[in-house]
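To keep things clear, I will list the structure first and then write my remarks on it.
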Ligand code: DCP
Ligand code: MG
């Protein structure tokens, strides 16, 4: 009773774009549990329950103190009964029986393995599960499956791809990408987006945005030699297209979901020089790294940057806020004002926040 809360729970916004969320998470115990619950609902294609847990996780990530009593969450937004039950059990028992059930669930375990493969989503996992497949070993051993080009690459480089990308690897790849892109587009602007721009030290991939003042529609940039695997998706953007209001809509940029071959200096443990030549041939001196390259027209760059920096939840809430609080539609290309029937131009992320009437949130504060 003695402590005075440094914030007023009822004043916490339901929109993560009105909160500053750094990587300091005082409530990992809870948010990890919520994210498992959310993932399980995603596997069941229950978007409503999935979002409920993701929003709650995002609210607890924002709190500047660890939750230890039910009183601590009183008045907070986005905490429904399902979420409350999980919190209560973790406070009382130290863990959630619901989360444990999910982690032991056969379907969840299979989907978790399947979706860890590049190119495999919920739809493919569902198909494989219905065929009676349960593990990745069974998938690999099955000769009748028709795997996409992406999935074949995903299995081929599986071990490298599941081991996360470090900041150091992201920096090394960034140099390569910048140098390569600048050979084709000398005035190109190449920016790391995604988790690394938000200050994360590890990620599952590296996201790049490429633009240049006079960018012409040219695939050449994406069609050259450094890629182990590259699936180029041509631009489908139509000028003056009203932004999409879907929660997780794909954008229309030309993009490339690639696997890059990053050569790494090997640790040489052999002191015996005679065996060295032999060893050299045996040791793999590279790592496969997932890279997303997104090519954007110059005028859309700030919108693409905002969208691709994430977090996913931050982006969802920006769009939800635009729709419900401003009668505007936001996507990775543009912001459309439905009342004025005009597109709002922006030269920077700051200007987009200003158009929305929001305080600017730095990239490292968008870890919602
Ligand atoms: N994004 C988007 N449109 C897409 C795909 C992603 O706007 N079609 C956004 C949402 C993400 C960001 O781009 O926040 C980067 O996507 P990632 O899946 O790479 O997510 P992160 O980089 O945040 O996390 P990770 O560390 O797992 O890579
Ligand atoms: Mg990423």
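No lab work stands behind these numbers, since they all come straight from the coordinates. Please read all numbers here as calculations on a predicted model, not as lab measurements. Here the Cβ positions follow ideal geometry from the backbone for every residue, glycine too, while neighbour counts run over all protein chains shown.
Rg/Rh, computed from the Cα trace of the stretch 9-102 with Rh as the Kirkwood radius, has the value 0.94. Hydrodynamic analysis of the stretch 312-365 uses the Kirkwood radius over alpha carbon pairs. Inserted into Stokes-Einstein at 10 °C and 1.306 mPa s, it gives a translational diffusion coefficient of 140 µm²/s.
Equivalent ellipsoid semi-axes for the stretch 106-156, as square roots of 5 times the alpha carbon gyration tensor eigenvalues: give them largest first, rounded to whole Å.
Values: eigenvalues 46, 29, 18 Å².
Semi-axis lengths for the stretch 106-156 are 15, 12, 10 Å.
Beyond 34 Å, the tail of the calculated P(r) for the chain holds 36 percent of the Cα pairs.
Take peptides 31-39, 335-343, 300-308 and line them up by average Cβ neighbours within 10 Å, highest first, as a rough protection proxy. Working shown, then result.
Details: 31-39: 20.8, 335-343: 14.0, 300-308: 22.6.
Packing order, densest peptide first, comes out as 300-308, 31-39, 335-343.
Roughly how many Å is it from the Cα centre of the stretch 115-158 to that of the stretch 329-368, as a whole number? When both Cα centres are located, 38 Å separates them. Restricting attention to the chain, close to 80% of DSSP beta bridges with both partner residues there are antiparallel.
Run the helix sum for the chain: -39,500 (n - 2.57) per DSSP H stretch of 4+ residues, divided by residue count, reported at 222 nm to the nearest 500 deg cm²/dmol.
On the way: 15 runs with 151 residues, N = 368.
Value at 222 nm, helices only: -12000 deg cm²/dmol.
One equal scatterer on each Cα of the stretch 38-154, no solvent, Debye formula: the resulting log10 I(q)/I(0) at q = 0.11 Å⁻¹ is -0.49.
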